[in-house]
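The values are calculated or read from the model by the stated rules, or taken from the named source; none is laboratory data. None of these values were measured; they are calculated from a predicted model. Backbone-built Cβ (ideal geometry, glycine too); neighbour counts: all protein chains shown.
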Amino acid sequence: MTSAMDESIEGASVRVDIPNPKLRTHLHEYGRRRRTDGPYADNLEVDALVVGGGFAGVFMFWSLRKEGLKTVMYEAGTDLGGTWPGAMVDSEVPEYQLSIPEVIKAHNWPNNYPNYHDLRDYFDTCDRVLDIKSQTAFESVVTGAQFKTDEGRWHVETADGRTAKTKYLIICAGFAAKRYVPDWPGIDKFKGIVHHSSFWPDEEIPVEGKKCGIIGTGATGVQLTQAWGPKAGHLKVFQRTPNLTVPMRQRDLTVEEQEIAKKWYPELLRLREHCFGGFLYGFSEKNTFDDSPEEREAFYEKLWQDGGFRYWLGNYKDYLFDPKANQSAYDFWAKKQRARINDPKKKDILAPLNMPHYWGIKRPCLEYAYLEQFNRDNVDIVDIKNNPLVSFDETGINLADGTHHDFDIICIASGFDVVTGGMTSMGLRSIGGETLEDQWKEAAYTYLGTTVAGYPNMFHLYGPQGPTLLSNGPTTIEVQGRWITDAIKYCERNGIKYINPTDEASKKWKKHINELSDASLLPTTKSTYMGGTKPGKAFEQTCYAGGLHNYGEEIRAVLPSFEGFHVVKAAA
């Protein structure tokens, strides 16, 4: 989930006398059947099956059950929340929560940017108030699914051999469900501890006195560096592209101030849906050069001090479109960040004077002490942009120039097969028998960012061609989730067997997605928005770039007529 997000891994301990298990990189390797009754039963038949137990899954489970549908959830992990040790969000409370009244009343946060433990507490509150886990099958990994038009039902298979039948299939895998680990030779030979960040074990792995390596400087790499830097014997961070981070400004929250503020939450949570990114602020009404240099400097400084994503999505309205305006934003960023780094060489690697890409066209990571870690004697940065990692061996990793780095512990923070990967890895098949994975190899097609042609009665949230990575997760989930619930309600009340988006409507939506993106600087870099960095993946815009409010208006206009759908009524 989470936004994704994002992470601050504090480590986890397997007993060091136990050999490191084979590196597992696929969800199906974690599939396990806990019981044979309830949501774990064979030949389960339900009205709605929700796949994924993060924010989207919880919202859809609550929303559909409230409408009287028999609903069950499958979650690949061992608990609700879609989090792992150290996960940390990049959206601020009260923006970062669901607007379910019972949960708001029952829960208070310890700070404005929750971490892994806080998220677990939140989802425990959701379960206590909404009774979700009793109808959730954990460690249940979907490996195949196809809709039978004669039955009007999905047949869904899991890694442990179960089959479920459901009229509605709701994919809540999010944008980061499929991990990406490069195919480095020798990775199984490494004698130390190595895991992908999102498969990190729950037990604590002590890093004190250990030689530690982090491969990648995305959100996970940044947050892990903050956690391990003060504790590791020695830490090396391998960077291909610098992360253009912005300050988090985390602060503690008291129960008293939250209880007083809750009377405003309904209004605030409605307001967030009318802002571009689903936060409680939007872009300035001004263009960059409408202000004098002095006014511009003061505006940038205010955004910087307020923190969070304000420097990204509260900045001048033209900087994501005009290269000169973007350069101005980058120059201020570089000035602020370079001042925090002591070593001139590290300064040029971590915050170069020449921008590596336009500022803000990759989702920036929030941090509180990332750059300061590299002022420590025990922390180093290794630039692998032109000297890539080529292999592992028993003691560590090798770079292209022949240099070898010894390690006891390695975290692979190489990211995910973003946005589309969660859906293409499920073995989903169209009514024509093609796999979604094959269909989307050249380009992904959806309709409204919630449905896919050839996959009747299947819906997805916070995934391909919705606002997704350009927005706050819980806000987007509720905009899409209410639409999905209303579409299903209409089907149920009007005797509709299934709805299936047309190819023509999907092609028009794809064109619309591209037009919104092409007007901006987003297509200038291969980023998570443009298909991610996994080799061989299509270079394409995967997110709706027109803002959350506009998106909500567009998808709402389709109901209740189901414009763009083929509608099949149930037999009398």
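Residues that are in contact with a helix residue (DSSP H, G or I) (Cβ under 8 Å, 6 or more places away or on another chain), buried (at least 16 other Cβ atoms within 10 Å of the Cβ), at pLDDT below 95 and outside the structural domain of C543 (by TED's automatic domain parsing) occur at least once in the stretch 185-195. In summary, K286 fulfils each of the numbered conditions (1) outside any helix (DSSP H, G or I); (2) crowded, with 16+ Cβ neighbours inside 10 Å with the single exception of condition (2). Residues of the stretch 426-438 include at least one that is surrounded by 21 or more Cβ atoms within 10 Å (Cβ to Cβ), in a helix (DSSP H, G or I) and either not small (G, A, S) or not assigned by TED's automatic domain parsing to the domain that holds A56 (or both).
Among the residues of the stretch 268-310, those identified as of a type in the set (A, V, I, L, M) and over 18 Å from Q327 (Cα atoms) are L268, L269, L271, L280. Determine, yes or no, whether I104 is over 22 Å from H460 (Cα atoms), of a type in the set (A, V, I, L, M) and touching a residue at least 60 places away in the same chain (Cβ under 8 Å). Considered against the rule, which asks whether it is over 22 Å from H460 (Cα atoms), of a type in the set (A, V, I, L, M) and touching a residue at least 60 places away in the same chain (Cβ under 8 Å), I104 comes out as yes. Restricting attention to the stretch 79-91, does a residue exist that is in contact (Cβ under 8 Å) with a residue 12 or more places away in the chain, under 30 Å from D42 (Cβ atoms) and surrounded by fewer than 20 Cβ atoms within 10 Å (Cβ to Cβ)? Yes, the stretch 79-91 has at least one match.
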